[in-house]
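The values are calculated or read from the model by the stated rules, or taken from the named source; none is laboratory data. Owing to the predicted nature of the structure, the values given are computational and were not obtained by experimental measurement. Note that each Cβ is placed from the backbone with ideal geometry, even for glycine, and that neighbours are counted across all protein chains shown. Note: areas computed on protein heavy atoms with side chains; ligands, DNA, RNA excluded. Shrake-Rupley method; radii C 1.70, N 1.55, O 1.52, S 1.80 Å.
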Amino acid sequence: MKNLKTFWAAQADWFSSEGREQRIKDYIVLANQLVWKRQASFFAAAVLTAFYFNPISIFAYYGVVALTELLDVLLGRQSRAWDGQDPIMGQRILKRIALNTALSAIAISVFVVNIAVQQTSSGHFTPLFFLFSAAVFAAMYNSQMMGILLLRLSIYAFAFLYIALLDVLRFSPPLSSSVWLEFFTIIFVLYFIADISVKFYLGYQNRLDQMKLIKEENERTKAALEIKSQFLSTVSHELRTPLTSIMGSLDLINSGFVGEVPQSLKRVIGLAAKNGHRLANLIDDLLDLQKIESGEIAFHFKPLDVNDLVDEAVESVAGYANKLDVHLGTVPCAEHCRLIGDRNRLIQVMNNLLSNALKFSDAGGTVEVRVETLGSRIRISVDDDGAGIPEGVKDRVFGKFSQVDSSDVRKVGGTGLGLNITKQIVERHNGTIDYISELGVGSKFFIEFERLTESADAGADIESGAQAA
Ligand code: ADP
């Protein structure tokens with residue numbers, strides 16, 4: 001009873017055109033997938049029955065069935081070109097589906113009735129079972145469109161009843177005869193087919209509803225993410241402005257320009273400035289991340305010399321390396337090593353890899369930057385003999401706000417955003433980033449890009465703003 005209510009509620013839905021395009025598409029996709037399965041069953045049925053009944057009539061009717069199948073294949077071709085949007089085309093396809101269904105159901109029914117008519121004694125096990133299989137097949141695979149399924153099943157129901165009444169009319173048997181038993185069994189089977197059709201239809205309907213819910217949920221999540229990212233960006237901007245002024249004032253005090261700083265205050269002011277810088281770094285990273293993710297950052301792609309790029313990046317962190325007492329060396333590329341990239345963004349990438357390598361190194365350690373070619377690619381690697389990274393945390397290393405949680409690592413500052421930003425920048429260059437590392441031994445981060453061939457470089461006329469991707 002409850003089933004029936006849900007079923008009728010679903011019908012009301014069906015008559016509204018909402019979602020009909022999806023149903024038509026689903027119906028055609030499945031019909032195309034099953035085309036060979038159907039052909040095999042029809043052919044097997046024809047061969048089997050041709051052996052026991054008049055083969056000429058069997059193959060003649062089978063020919064008609066095969067013809068209607070051909071119409072279905074043609075319809076499948078036509079509707080594959082349909083984008084699911086144009087409703088007029090959708091209606092036309094729907095009409096063709098209805099027509100093909102009627103023709104195919106009539107052809108199958110006639111094929112089956114022909115067998116029943118040829119059986120002279122009572123009992124029509126073979127044709128009834130064929131019809132039963134066809135009906136179950138339709139219930140299972142045509143549940144996307146209830147109207148079409150009903151059309152097919154109604155035609156089959158006529159064939160069922162015709163076969164059932166055939167012997168009743170032929171032999172006019174008493175009610176105690178097995179002919180009547182067969183008749184009532186057929187009625188029972190018809191009810192059963194109707195029941196499973198409703199079940200399959202509701203199952204499909206359920207799936208559609210779930211898909212709709214998931215789609216809506218997805219839209220809501222997207223909208224929430226958008227709001228969150230806008231909020232983050234506004235807050236970051238609002239924080240950045242007063243922070244710049246605070247840092248400026250602290251630097252001014254530290255420089256002694258506004259007067260001698262008492263010894264007792266020096267340490268506190270130094271600490272405030274240090275933490276101010278950390279906060280500024282975090283805000284800069286947040287703003288960068290937000291801009292990259294929203295596509296706000298314009299990348300200016302130009303041909304670049306990779307050795308120059310690396311030299312510039314190494315120079316900018318030389319002071320930091322000195323401070324940490326880490327030796328910083330480079331092995332430049334011996335060949336023509338150029339790529340198309342955004343210089344400032346790639347310097348940012350190198351700075352991040354270098355500052356990580358330096359800050360996770362022990363005093364007296366070495367960081368080496370190497371540029372080399374690997375076939376048509378260029379690899380830049382940053383190798384350190386520092387803390388190393390434990391196994392199985394790659395997702396966290398490249399994730400957001402993720403720092404690998406070991407006491408050694410916690411000693412050094414950072415936002416946990418650097419490598420995420422780095423990865424996104426590298427990927428915008430169609431490049432890749434990865435690392436190998438051993439805990440306590442060191443890490444080697446490497447980035448790879450498509451190499452600019454000498455001939456392409458000579459002809460490269462790529463001005464600022466040209467996109468690599
Ligand atoms: P952070 O601001 O913490 O450096 P990153 O995104 O740059 O953030 O790096 C994420 C984490 O990856 C670091 O916190 C650290 O645990 C690990 N990591 C990155 N580079 C190295 C390295 N060269 N040696 C050891 N650990 C590293």
Any chance Ser381 is modelled with pLDDT under 95 and either touching a His at 6+ places or on another chain (Cβ under 9 Å) or among the hydroxyl-bearing types (Ser, Thr, Tyr) (or both):
no
Scan the range 381-403 residue by residue and report those that are among the small types (Gly, Ala, Ser) and surrounded by fewer than 15 Cβ atoms within 10 Å (Cβ to Cβ).
Gly392
Condition met for Val397 (at pLDDT below 95 and touching a Pro at 6+ places or on another chain (Cβ under 8 Å)):
no
So is Val110 open to solvent by 30 Å² or more (accessible area, probe 1.4 Å) and over 40 Å from the mean Cα position of the chain (by Cα) or not?
yes
Are there any pairs with C-beta distances below 6 angstrom linking a residue in the range 387-406 that is free of Cβ contacts under 8 Å to residues at least 12 places away in the same chain and in a helix (DSSP H, G or I) to a residue that is within 7 Å of the ligand (Cβ to nearest atom) and not aromatic (Phe, Trp, Tyr), with the two at least 6 apart or on different chains, and if so which?
Arg396/Ser402
Looking across the range 290-302 at residues that are part of a loop (DSSP other than H, G, I, E, B) and either open to solvent by less than 30 Å² (accessible area, probe 1.4 Å) or in contact with a Ser or Thr (Cβ under 8 Å, 6 or more places away or on another chain) (or both), the single one that is modelled with the highest pLDDT is Phe301
So, in the range 414-438, of the ones that are part of a helix (DSSP H, G or I) and open to solvent by 40 Å² or more (accessible area, probe 1.4 Å), which residue ends up farthest from the ligand (Cβ to nearest atom)?
Arg428
For the range 150-171 the number of residues that are within 51 Å of the chain's Cα centre (by Cα) and either polar (S, T, N, Q) or open to solvent by 20 Å² or more (accessible area, probe 1.4 Å) (or both) is 10
Of all residues in the range 14-23 being over 23 Å from the mean Cα position of the chain (by Cα) and surrounded by 15 or more Cβ atoms within 10 Å (Cβ to Cβ), which is modelled with the highest pLDDT?
Arg20
When you go through Ala105, Ala81, Ala98, Ala66 one by one, which is the residue that is modelled with pLDDT under 80 and aliphatic (A, V, I, L, M)?
Ala81
Search the range 347-380 for residues being surrounded by 16 or more Cβ atoms within 10 Å (Cβ to Cβ) and within 32 Å of the chain's Cα centre (by Cα), and hand back the single one that is farthest from Lys423 (Cα to Cα).
Ile378
Near pairs, Cβ below 9 angstrom, 6+ apart or cross-chain, from the range 33-44 (more than 18 Å from Ser79 (Cβ to Cβ) and free of Cβ contacts under 8 Å to residues at least 12 places away in the same chain) to any residue that is open to solvent by 40 Å² or more (accessible area, probe 1.4 Å) and assigned to a helix (DSSP H, G or I):
Lys37/Phe137
